[in-house]
There are 2 protein chains.
Amino acid sequence: MASDRRAIGIGLMGLGVVGSGVARILQQKADVYERQIGRPLAIRHVLVRDPSKPRDFGIDPALVTTNARDLLADPEVELIIEVMGAEEPAYGYLRDALQAGKFVVTANKEVMAKHGAELLATAREHNVDLLYEASVGGGIPIIAPLKRDLLANDIVGVTAIINGTTNFILSSMSKGGGSFGEALAAAQALGFAEPDPTNDVEGIDAAYKLCILATLAFHMDVHPEDVFREGITKLGERDFVYARELGYAIKLLAMGRKEGDQVQLRVHPALIPADQLLASVDGALNAVEIEGDLMSRVLFQGPGAGSLPTTSSVVADALDAAVSISNKVYWPHSSRREAGLRVMPMDDVRSRYYLRIGVADKPGVLARIAGVLSDRGISIASVIQKEVDGQATAEIVIMTHEAREADLQRALQEIRGVVGVSGVDQVLRVKS
Amino acid sequence: MASDRRAIGIGLMGLGVVGSGVARILQQKADVYERQIGRPLAIRHVLVRDPSKPRDFGIDPALVTTNARDLLADPEVELIIEVMGAEEPAYGYLRDALQAGKFVVTANKEVMAKHGAELLATAREHNVDLLYEASVGGGIPIIAPLKRDLLANDIVGVTAIINGTTNFILSSMSKGGGSFGEALAAAQALGFAEPDPTNDVEGIDAAYKLCILATLAFHMDVHPEDVFREGITKLGERDFVYARELGYAIKLLAMGRKEGDQVQLRVHPALIPADQLLASVDGALNAVEIEGDLMSRVLFQGPGAGSLPTTSSVVADALDAAVSISNKVYWPHSSRREAGLRVMPMDDVRSRYYLRIGVADKPGVLARIAGVLSDRGISIASVIQKEVDGQATAEIVIMTHEAREADLQRALQEIRGVVGVSGVDQVLRVKS
């Protein structure tokens, strides 16, 4: 085995922002990586959609193909690196690669969120590994720590800012960057948001990532439809002003929390107390806080996206896979599942709430609102009532103590019918 | 091999704060860990110094021994967990265990800092692993991320708050907790500082941990004597007042930084700009920031000590070793060393500085001090001059721009001789 210094053949799927980074770094650092693992890594094929697209660095045109079979059927390809994104055709390619006994490294959160359990089982059957560090948190190590370093713990909580686009937009809004539409347009102009931002601003991307984290953290299979999801499009500039006044930041949070045999899974904007570290995670940064019975709380923070940070995680996985391939070592990851865990219905989730209610500026309205909340067993922690400049209405901002979501929603329905209330303009959950 | 459900025999060395936690958790979570790795873990011997000491949980007295040979010579012991601390006799035991082909998990920073390279080589020779996640940062995963997850990077910087005792003392001083002596006494009363606090307050413990981190980060062998070290005992209450006024926190930092083929290695108190995350790492928390060419900066934060957090890391390593033992998989970690790297002499380190100088309150002193600094090419960023209540002297606090350590030290010598200067009362480096 000592004489086996042959190159480990890589099939690279995708040559976009991340794929270009991976290809370039594997070339630039070929020597150091070879010293690291004892054998060179060699890209044998690169799968692209449009071979005529100009590339700003030297990838041998002879390697470029539009036919996935060139990668999947080549016995010299021992490792597939998939950085195409989107569910199809990536999902089919990864399944085929694993069935062909190839190691796989992927950055694909959608495929891992929807098909991770099946693909990991396929990998085990074929004695290969499927690695996906780059699918969550860009350059932040978070998958490997959950898979290994925190394994002694009973993990009870995952709280994460894991979508850079929305965090960039919310950071901008909190600094006076205008309405959601204006902040989105600015983010798009700077390349921090896609032309179609739906996946990001509606929390879909964050929900995929939460599925991946929660599956590892709680040892249960979590699917996108298990996650309660609310986007950031309805946040108003005034919410940021009130939040600051009350001592909070507003972030899109992805949260998983185990309570007994139930697991909360939710992605929504939330008020975070300003003195918590997550409140100061600004711009395109990501952060993941994991809470366990032994280590209490550990926070991981870093760049959540971008070509080079994502390349950092993809190549780390590739080096790990290369050591396995080179040494013919198959590391059997656990697929332990905790029986009896189930997703908590959103109705049963308890939280504190921030309510912004438009009212006719008449005496008695606040008392009537307070009465409705009280009837539902929801107590008020603080109230701000302000005139809205140049309008006939005023605005009441209420922070509640902890309440059950279903009770709160029922109370809101009644509040909408209270005389003097023009509308419930905002409802946000508050991180405790 | 499928039928091999025998228990994996563990020899536990040490039954202090951490050892008790490890023993208790291995008992409490025996079922879940067995499901995790497919075989039970069983403590076969526990090495203690004083067998008559009462233990507050049920460890079978028949397992307790004062003779290390009982563990090392037992062929049924496949894994040694060492949580005794101190260099000897732990170092000899670990060497013997590895030479006997046993896997080893240790939390011993002193042994790893002084003998890590040799022990890791011994482990490789005998196809076993030596794991030491708990030696740095308590419950924070940092060794494994450096060994694996960040490996694609050229790591250029490690900046860490890795001593909980000093961080607790400094946090307390910054909140008006009195002089160093008073804050130390309070920390001792609360169990956050040892009766003999030398290792902590002189930065010795932090230097050990920096050796371990820097060896992994920079792929060079770093020893305790390579680390420039300055403790926190000379910090005054007024330094915290001035630091806050200037917009900084004061922390004991452990820093490694690669510049070309030289590596800075230093442990000393430093001013940190208040808007940096490290500035808000308070109390007994630890945090490690790693900077690399691909992932830019990633921060790991969590509890740096304590029985359960350290147990979290020790048991994670034990589970990892158990998978290796159970599956007869030896994972070959890289021992890549970068040739040509050397430790930068402290004289050549460049930093900004905070100087607190006692002066007779006479006109012209500041001008003369500024002249000395200017002659040495050191420019002043800001100055505070204040009367010291009820004394004949005043105090000048100077923040410099970046300067070479040797130039600064020479300038300080001259400043001490300037007419009107009563003394250079404090010199602190400033993190940029």
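Please treat every number below as a calculation from the coordinates, not as lab data. What you see is a predicted model, and the numbers here were worked out from it, not measured in a lab. Cβ coordinates were reconstructed from backbone atoms using ideal geometry, including for glycine residues, and neighbour counts include every protein chain displayed.
Here are some notes:
- Between B:35, B:49, B:95, the residue with the greatest mean-square fluctuation in the GNM of chain B (Cα pairs under 10 Å linked by springs) is B:35.
- Placing pseudo-labels 7 Å out from each Cα toward the beta carbon at residue B:409 and residue B:127 gives an inter-label distance of 5.1 nm.
- When exposed loop sites are taken as GluC sites (Glu not before Pro) in a DSSP loop with at most 14 other Cβ atoms within 10 Å, the longest stretch of chain B clear of them is B:88-337.
- Across peptide B:317-323, the mean count of Cβ atoms from other chains lying within 10 Å of each residue's own Cβ comes to 3.
- Sorted largest first, the principal axis extents computed over the alpha-carbon atoms of the range B:349-430 equal 38, 21, 17 Å.
- Taking other C-beta atoms within 10 Å as the exposure proxy, B:53, B:386, B:431, B:102 rank B:53, B:386, B:431, B:102 from fewest upward.
- Length gained on full extension, residue B:274 to residue B:233: 12.5 nm, using 0.36 nm per residue less the C-alpha separation.
- Rounded to the nearest 5, the antiparallel percentage of DSSP beta bridges internal to the protein assembly as shown is 70%.
- For the range B:71-223: rounded, prolate or oblate by the Cα gyration tensor [a/c cutoff 1.5]: oblate
- Comparing B:252, B:130, B:299 in a Gaussian network model of chain B, where Cα atoms under 10 Å apart are tied by springs, the biggest mean-square fluctuation is seen for B:299.
- Between copies, the label points of residue A:337, set 7 Å from Cα on the Cα→Cβ line, lie 4.9 nm apart, reported in increasing order to one decimal in nanometres.
- Fraction of antiparallel bridges per DSSP, chain A only, in percent to nearest 5: 70 percent
- HN-Hα J in Hz across the range B:212-218 - Karplus 6.51, -1.76, 1.60, θ = phi - 60°, x for Gly and Pro: 5, 5, 5, 4, 6, 6, 9
- For the range B:1-86, the alpha carbon convex hull comes to 102 Å³ per residue, rounded to a whole number.
- Ellipticity at 222 nm from helices only: DSSP H runs of n ≥ 4 in chain A, each -39500 (n - 2.57), divided by the residue count, give -10000 deg cm²/dmol.
- Neighbour cut-off at most 15 other Cβ (10 Å), DSSP loop, trypsin sites (Lys or Arg not before Pro), the range A:258-355: A:328, A:336, A:337
- Here the Karplus curve 6.51 cos²θ - 1.76 cosθ + 1.60, taken at θ = phi - 60°, turns the phi angles of the range B:397-406 into couplings of 10, 10, 9, 9, 6, 4, 9, 7, 3, 4 Hz, with x standing for Gly and Pro.
- DSSP-defined beta bridges in the range A:143-303 - what % are antiparallel, rounded to 5: 95 percent
- Straight Cα distances below 16 angstrom link residue A:114 to the lysines A:209, with same-chain residues fewer than 8 positions distant left out.
- Seen through its C-alpha gyration tensor, with square-root eigenvalues sorted a ≥ b ≥ c, the protein assembly as shown comes out rounded because a/c lies under 1.5.
- Long pairs among B:109/B:328; A:147/A:328; A:258/A:386; A:109/B:431; A:147/A:175, criterion Cα-Cα beyond 32 Å: A:258/A:386; A:109/B:431; A:147/A:175
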